[in-house]
1. Straight-line reach from Lys4: which lysines have Cα under 18 Å away, leaving out those fewer than 8 places along the same chain?
2. Kindly express, to the nearest 10 degrees and within the range 0 to 90, the angle between helix 103-114's C-alpha long axis and the longest C-alpha principal axis of the chain.
3. Considering only DSSP states other than H, G, I, E and B, which chymotrypsin sites (Phe, Trp or Tyr not before Pro) in segment 77-122 qualify as loop sites with at most 13 other Cβ atoms within 10 Å?
4. Among 93-106, 44-57, how do they line up by average Cβ neighbours within 10 Å per residue, starting with the highest?
5. Net charge near Val84, counting Lys/Arg +1 and Asp/Glu -1 over other residues with Cβ under 11 Å of its Cβ?
Amino acid sequence: MRVKFVLPARAYGKRLVYEFRNYAQGPSFKVFLREKLKGVPEYHTPIELDNPAIAGRTDTGVPIPINTLGKWLFGVPGYAGNAVFDGFSDPPKVVVNISEVQPEVIELIDRLFSAAGGVRQE
């Protein structure tokens, strides 16, 4: 059974930076990366937000729960994720705001982005 992590709805402070040298620059970087990572188990790791009232929303107002690591990072309609995708830098990069999350969450994020060729910058 997986442990469900409790993450901040909005993370600030500490950041992780990943570079993706094998990706083309451009505005579709985030979309391409998200589609690739949806096939990686870490993307679907169950999470809870520290504020359960926070959720995304469909166009018709139906709540979209932020209940996986992928949704927490990439966001959903009505909820901006905790990662910033810069497809115009050379190489493209992702900056993840993590605040004070558990070390296991950082390991999950590392594995997730490394599955798509991302390399964390120290």
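Every read-out reported here was derived from the displayed coordinates using simple, explicitly stated rules and does not represent laboratory data. Quick caveat: nothing in here was measured; it's all calculated off a predicted structure. Please note: Cβ atoms are built from the backbone with ideal geometry, for glycine as well, and neighbour counts cover all protein chains shown.
1. Lys71
2. With rounding to tens, the tilt is 50 degrees.
3. Answer by residue number: Phe88.
4. 93-106, 44-57
5. Residues close to Val84 contribute a combined charge of +2.
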